[in-house]
Amino acid sequence: MATNPLTAGTHEVTYQADRETPLCQVIGNRLNTANKNQADADVAQVLTVLPGVFVLLASMKIITAEGAAQTFDLGDGDDVDFYLAEVDGNAAAGTIYTSVNLGTLPSRMYSAADTIDVVSHGAAGVGIYDVRAVQFVLYP
């Protein structure tokens, strides 16, 4: 069995009156192309978005660069590059890409379950990337 290329984590703030219901969450996952190679146009579903969630922004951080020309899009089932287009997968480790850096703030209300996806442009086989999103759970 192959090693799972994704690792997940969540940080959250809860409603004042209901400590069991999260209001704001930073969800994250790691895409490790060294564990699961990505071919050109492969889609890696890295974050799960539940119905009733408003995603404010998403980001991608280079942990280990690909070592060759490589770009990625960050989007969802409706628009493959909704959050970010042409992220440089060979940028220096520690480089963070967010839509805020680009002067825009794409956000979306999800009425149905979806995923935030990384789409590869070219083959990727050694890079490691963290993907995060800030989401508000409006209708749990």
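So, in region 126-140, of the ones that are modelled with pLDDT of 90 or more and outside any strand (DSSP E or B), which residue ends up nearest to residue 25 (Cα to Cα)?
My answer is 127.
Condition check: surrounded by 20 or more Cβ atoms within 10 Å (Cβ to Cβ) and closer than 26 Å to residue 138 by Cβ. Does residue 54 satisfy that?
The answer is no for residue 54.
Output the residues belonging to region 92-116 that are surrounded by fewer than 16 Cβ atoms within 10 Å (Cβ to Cβ) and among the small types (Gly, Ala, Ser).
Within region 92-116, 92, 93, 94, 103, 111, 112, 113 meet the criteria.
Looking only at region 117-136, which residues are of a type outside the set (Asp, Glu) and buried (at least 18 other Cβ atoms within 10 Å of the Cβ)?
118, 119, 120, 121, 124, 127, 128, 129, 131, 132, 133, 135
Would you pick out the residues in region 53-90 that are under 23 Å from residue 106 (Cα atoms) and aliphatic (A, V, I, L, M)?
Within region 53-90, 53, 55, 56, 57, 58, 60, 62, 74, 80, 84, 85, 87 meet the criteria.
The values are calculated or read from the model by the stated rules, or taken from the named source; none is laboratory data. All figures in this text were calculated on a predicted structure; none of them were measured in a lab. Note: ideal-geometry Cβ built from the backbone for every residue, glycine included; neighbour counts use all protein chains shown.
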